[in-house]
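The structure under discussion appears below in the form of structure tokens.
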Amino acid sequence: PMPHQVDDITWNDLDLDQLFERINYTQSTCGEEYLYYTLRTPVTEADKLDELEQKIQYFETHSENRVEAQLLFKKLGKLGKYSLYDYLDHLDILGEINNRFYLVWDLAVIAAVLVMFYSVPAGLIALVGVLVHNILTYFKKKKEIEPYICSFNYIFSMISVLEGMEKSFTDPLFSKELETIRGCNRELKKFKTGSFLVMQQRNGDIGGNPLMILIDYACMTLFIDLLKFNHMLMVVRSNLETIESCLQIIGSLETDISIALYRASLVNGYCIPDFAGRDICAEKCSHP
């Protein structure tokens with residue numbers, strides 16, 4: 001086990017899986033994983049405990065803000081058997097990305113069109129050849145990146161949550177979290193710009209819109225959405241540390257809310273322990 005981490009034997013002896021299920025009021029995978037981590041790795045530093053208690057009491061006394069936060073976190077949802085970090089790590093499997101290949105063949109399309117000004121038959125043959133190559137390559141590459149769009153969808157949900165948090169968490173108590181969130185939102189604007197090229201086609205949202213049909217054909221012949229995918233991937237990879245910090249913020253706030261709701265559900269009340277020394281002293285103690 002890690003330092004100060006509850007070992008498996010102690011965890012099982014105290015039935016802490018049941019406690020985790022009982023206290024789990026989280027709405028997202030972020031919150032669920034962070035709550036579990038908190039139970040396995042108890043906080044012992046006085047300043048961190050004091051900050052934790054302040055935030056728990058905030059959510060105890062600000063029910064409207066708590067519900068608003070829970071609705072935001074619900075946008076992320078639960079990922080089932082997959083960890084949220086699995087989604088981020090999944091993006092590394094693609095390895096190094098390079099747009100040069102796509103740009104060279106885009107230039108080939110332009111070159112074929114220019115040839116038509118000198119010889120229409122030669123230009124048409126060149127253009128058809130290039131377009132056939134590009135379309136076949138497009139569908140092959142599109143199939144390769146398709147599984148990774150799920151990770152992008154999760155990041156989109158996270159961005160939506162962070163934008164909501166920037167408006168909602170205005171109390172000075174959350175000033176540190178807000179600073180990180182604002183920085184993340186600034187950086188991820190580049191991720192969102194033009195992202196419909198990648199996300200809408202994946203979701204089949206083209207429909208009968210003539211403009212979207214034209215964009216679809218442009219993507220097939222000029223790799224526009226594949227170029228945007230690579231740009232989005234580059235933005236995520238360069239901001240992974242910030243993204244993970246924001247996910248931890250969401251998780252920690254969901255943990256605070258879970259503790260506040262758990263306390264409210266206790267019929268016989270609760271006590272706040274004082275970690276003053278190494279001895280354990282308690283009266284009328286019961287299992288949580």
> In nm², what is the average projected area of the convex hull enclosing the Cα atoms of the chain?
Replying inline: 19.9
> What FRET efficiency comes out for the pair ILE280/THR61, r = Cβ-Cβ distance, R0 = 22 Å, nearest 0.05?
Replying inline: 0.15
>> Taking the alpha-carbon distance from LYS192 and a cut-off under 21 Å, which lysines remain once sequence neighbours fewer than 8 residues away in the same chain are dropped?
In response: LYS74, LYS75, LYS142, LYS167, LYS228
> Taking square-rooted eigenvalues a ≥ b ≥ c of the alpha carbon gyration tensor, is region 237-288 rounded, prolate or oblate, where a/c under 1.5 means rounded and, failing that, a/b exceeding b/c means prolate?
Replying inline: oblate
> Separation between the THR170 and LYS74 pseudo-spin-labels, each 7 Å from Cα along Cα→Cβ, expressed in nm?
Replying inline: 2.3
> Using alpha carbons only, how many degrees (0 to 90, rounded to 10) separate the axis of helix 63-74 from the longest principal axis of the chain?
Replying inline: 40
>> At 222 nm, what value in deg cm²/dmol follows for the chain if DSSP H runs of at least 4 each add -39500 (n - 2.57) and the sum is divided by all its residues, to the nearest 500?
In response: -23000 deg cm²/dmol
>> If you scale each eigenvalue of the Cα gyration tensor by 5 and take the root, what three semi-axes come out for region 107-230, rounded to whole angstrom and sorted largest first?
In response: 42, 14, 12
> Which percent of the accessible heavy-atom area of the chain goes to carbon and sulfur, probe 1.4 angstrom?
Replying inline: 58
>> I want to verify a result. In a Gaussian network model of the chain, Cα cutoff 10 Å, which of these has the top mean-square fluctuation: VAL43, VAL128, VAL161?
In response: VAL128
> With axes computed from alpha carbons, what is the tilt in degrees of helix 210-222 against the longest principal axis of the chain, rounded to the nearest 10 within 0 to 90?
Replying inline: 80
>> How big is the dipole moment of the chain about its Cα centre under a simple scheme where the beta carbon of each Lys and Arg is +1, that of each Asp and Glu is -1, and everything else is neutral? Debye, nearest 20, please.
In response: 1580
> Given a 1.4 Å probe, how much area per residue of the chain is accessible, in Å²?
Replying inline: 59
> How high is the relative contact order of the chain, given as a whole-number percent (alpha carbon pairs under 8 Å, six or more residues apart)?
Replying inline: 32
>> Leaving ligands and nucleic acids out of the surface, order ASP89, ASP274, ASP216, ASP47 by accessible area at 1.4 Å, largest first.
In response: ASP274, ASP47, ASP89, ASP216
> Helix 29-40: angle to the longest alpha-carbon principal axis of the chain, degrees 0 to 90, nearest 10?
Replying inline: 40
> Rounded if a/c is under 1.5, else prolate if a/b is larger than b/c, else oblate: which is region 27-96, with a ≥ b ≥ c the root eigenvalues of its Cα gyration tensor?
Replying inline: oblate
> What do you reckon, how do GLU177, GLU21, GLU33 stack up by accessible area (1.4 Å probe), largest on top?
Replying inline: GLU21, GLU33, GLU177
>> Suppose accessible area is computed on protein heavy atoms with a 1.4 Å probe; arrange LYS176, LYS192 from highest to lowest.
In response: LYS176, LYS192
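The values are calculated or read from the model by the stated rules, or taken from the named source; none is laboratory data. Computed from a predicted model, the values in this text were never measured in an experiment. Backbone-built Cβ (ideal geometry, glycine too); neighbour counts: all protein chains shown. Just so you know, the surface numbers come from the protein's heavy atoms only, side chains and all, with ligands and any DNA or RNA stripped out. Shrake-Rupley method; radii C 1.70, N 1.55, O 1.52, S 1.80 Å.
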